[in-house]
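Okay, so here's the structure we're looking at.
The values are calculated or read from the model by the stated rules, or taken from the named source; none is laboratory data. Since the structure is predicted, the reported quantities are computational estimates derived from the model, not experimental observations. Every residue, glycine among them, receives a Cβ derived from its backbone with ideal geometry; neighbour counts consider all protein chains shown.
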Amino acid sequence: MQTTLLDFRLRRISTVLSVAILTLSLIAAISGVLLSFYYQPTAGGAYNSLKTISETVNNGWLFLKAHSFAGNALIVCGLVQIVVMFLGRQFRKSWLTAWISGIFLVLTAIGLDWTAMILGWTQEGYWRFNIELGTIQAIPFIGNQLRDILTGGNGVSSITVEHLFAIHSYILSVASIVVALVHLGGLLWQERQMSKEMLVSEMSEIAEQGDSSANQMV
Ligand code: HEM
């Protein structure tokens with residue numbers, strides 16, 4: 001496959017972005033675990049514990065801000081990455097691995113932000129969640145079951161906060177780190193392939209130049 005300098009530069013930007021993505025996932029996961037030392041996943045308790053974390057716990061506000069920043073920056077970096085990867089698209093296994101994992105990464109990051117909506121137990125989060133539950137319920141065939149899984153069967157209550165906290169902190173956060181690792185792996189694999197191809201094409205150019213100058217001398 002012919003590799004141009006533009007392809008190589010786009011690949012480099014993708015690799016740098018994927019390192020940033022993995023770093024942000026790790027910052028979010030570590031700060032999330034630290035938050036969970038004080039966080040109470042119950043209705044009302046969630047709001048009060050987050051207030052305690054930001055006002056009373058030593059450096060709690062810093063971990064809260066770091067968590068929120070890393071989680072939101074992850075979505076932005078993931079979306080930019082999708083655009084950069086699309087511009088430098090190449091139909092080979094390494095690119096496909098990074099592309100598919102990149103899409104899953106963005107979906108996971110959006111899922112983490114979505115599940116965090118009720119974790120703060122704020123007025124805004126509560127009402128937004130109730131509206132979105134209506135949309136989920138309207139999904140044909142599985143809507144009611146999905147709603148029950150999220151809420152715990154009844155209205156939005158402590159069980160809902162527990163369920164969303166479990167999905168957020170155990171399922172989606174682990175998934176985002178795994179996917180970020182696969183994504184970085186795919187891009188490093190592609191970098192290696194492209195560097196080899198560039199080296200081979202440069203060497204064949206040098207060999208061709210050598211042949212033509214030898215012919216001229218003859
Ligand atoms: C890759 C891992 C993770 C990502 C990307 C992530 C992302 C996020 C995001 C985007 C928010 C919303 C922040 C906001 O805009 O205010 C949030 C909130 C929250 N996350 Fe995570 N999270 C991760 C892991 C975890 C883990 C492992 C825990 C706990 C064990 C956790 C606990 C929380 C809590 C308690 C909140 C509510 C904070 C608030 O409402 O201010 N997170 N997370």
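Can you run down the residue pairs with Cβ atoms below 9 Å, 6 or more apart or on separate chains, where the first is in region 64-77 and modelled with pLDDT of 95 or more and the partner is among the charged types (D, E, K, R)?
GLY71/ASP113; ASN72/ASP113; LEU74/ASP113; ILE75/ASP113
With the condition kept exactly as written, say whether any residue in region 162-185 is in contact (Cβ under 8 Å) with a residue 60 or more places away in the chain, surrounded by fewer than 16 Cβ atoms within 10 Å (Cβ to Cβ) and hydroxyl-bearing (Ser, Thr, Tyr).
no
Scanning region 45-59 for residues that are part of a loop (DSSP other than H, G, I, E, B) and over 27 Å from the mean Cα position of the chain (by Cα), which turns out surrounded by the fewest Cβ atoms within 10 Å (Cβ to Cβ)?
Only one residue fits best here, namely ASN58.
Report yes if some residue within region 16-26 is surrounded by fewer than 19 Cβ atoms within 10 Å (Cβ to Cβ), at pLDDT 95 or above and away from the ligand (no atom under 16 Å from the Cβ); otherwise report no.
For region 16-26, residues surrounded by fewer than 19 Cβ atoms within 10 Å (Cβ to Cβ), at pLDDT 95 or above and away from the ligand (no atom under 16 Å from the Cβ): present.
Does GLY32 satisfy the criteria of being modelled with pLDDT of 95 or more and either more than 30 Å from MET194 (Cβ to Cβ) or in contact with a strand residue (DSSP E or B) (Cβ under 6 Å, 6 or more places away or on another chain) (or both)?
When the stated conditions are applied, GLY32 passes them.
Among the numbered criteria (1) in contact (Cβ under 8 Å) with a residue 24 or more places away in the chain; (2) within 11 Å of the ligand (Cβ to nearest atom); (3) surrounded by fewer than 19 Cβ atoms within 10 Å (Cβ to Cβ); (4) not in a helix (DSSP H, G or I), which one does THR42 miss?
Evaluating THR42 over (1) in contact (Cβ under 8 Å) with a residue 24 or more places away in the chain; (2) within 11 Å of the ligand (Cβ to nearest atom); (3) surrounded by fewer than 19 Cβ atoms within 10 Å (Cβ to Cβ); (4) not in a helix (DSSP H, G or I) leaves (2) as the failure.
Looking at (1) surrounded by 21 or more Cβ atoms within 10 Å (Cβ to Cβ); (2) over 17 Å from VAL178 (Cβ atoms), can you tell me which one GLY88 breaks?
Answer for GLY88: the failing condition is (1).
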